[in-house]
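These notes concern the structure reproduced below.
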Amino acid sequence: RGGAALVGGRKPIAIEAEYHVTDPKSGKLARHTSLLLVSGWWGVARHAQYLFELTAAWSWGLLAGVGTHGALPLFYAAFLTVLLVHRAIRDEEKCSLKYGAAYAKYKAMVPYKIVPYVF
C-alpha cells in the first residue's frame, strides 16, 4: 500500500503520477494519483509480463514439432506476438495521455517496451 511493500527485498522506486477523472454523478473533475513502479521486472521493461507469455507461446509452438507439422504449431505464437505488440503500443498511447509528464519520465527510466535492449 502506498509504495511501502518491498520489491526484490528492497524499497521500491516509483513515480507518483497524477491524473484526473470526471465523476459520473457530479460531472466534476476528480484528482487521483497512481504509482508507476520502476523496480523489479517493471524496471526492466514496461510490459515485461508479455515477454514471459511470448516465451511460453513460442516454446510450445517450437516443441510441437515444426519439422513434423510445418508452420501450423507456430500460428498461436505469431498471432500472440502481433496481438501483444499492438496492445503494448496502444497501452503506451493511453498511459501517455492519462499520466502526461509522469509517464514520459517513466519511459525515460524504463526505455524498453517488452524485450530489454531490443524493443
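Points worth noting:
- Principal-axis tilt of helix 75-99 within the chain, Cα atoms, nearest 10 degrees: 10
- Here's how it looks for TYR112: its modeled amide H is under 5 Å from those of ARG46, which are all 5 or more places away or on a different chain.
- For P(r) over Cα pairs in 5 Å bins from 0, in percent, calculated from these coordinates, the label among (i) 2, 8, 11, 11, 8, 6, 6, 6, 6, 7, 6, 5, 5, 4, 3, 2, 1, 1, 0; (ii) 2, 10, 15, 16, 15, 13, 10, 8, 5, 3, 1, 1, 0; (iii) 2, 12, 24, 25, 20, 12, 5, 1, 0: (ii)
- For the residues LYS105, LYS28, LYS11, a GNM of the chain with alpha-carbon springs under 10 Å puts the largest fluctuation on LYS28.
- Size of charge dipole - the chain - debye, nearest 20, with Cβ of Lys, Arg +1 and Asp, Glu -1, no other charges: 400
- Relative contact order of the range 22-76, pairs being alpha-carbon contacts under 8 Å that are 6 or more residues apart, as %: 18
- Helices in the chain, meaning DSSP H runs of at least 4 residues, each add -39500 (n - 2.57). Divided by all residues, the mean residue ellipticity at 222 nm is -14500 deg cm²/dmol.
- Residue among VAL21, VAL44, VAL85 with the largest mean-square fluctuation in a Gaussian network model of the chain, springs linking Cα atoms under 10 Å: VAL21
- Lysine pairs within the chain, Cα separation less than 27 Å, 8 or more sequence positions apart or different chains: 14
- The chain, relative contact order [Cα under 8 Å, separation at least 6], %: 29
- Between 0 and 90°, nearest 10: helix 48-63 axis offset from the chain longest Cα axis: 10
- Among HIS69, PRO116, PRO12 - extreme Cα towards positive end, dipole of the chain, charges at beta-carbon: PRO12
- Look at where the Cα atoms of the range 1-46 and of the range 47-65 average out, and the two centres are 29 Å apart.
- Accessible surface of the chain, 1.4 Å probe, proportion on carbon and sulfur as whole %: 63
The values are calculated or read from the model by the stated rules, or taken from the named source; none is laboratory data. The structure presented is a predicted model; accordingly, all values stated were derived computationally and were not measured. Here the Cβ is made from the backbone with ideal geometry for all residues, glycine too, and neighbour counts use every protein chain on show. When the accessible area is computed, the model is the full protein with side chains, heavy atoms only, and any ligands, DNA or RNA have been set aside. Shrake-Rupley method; radii C 1.70, N 1.55, O 1.52, S 1.80 Å.
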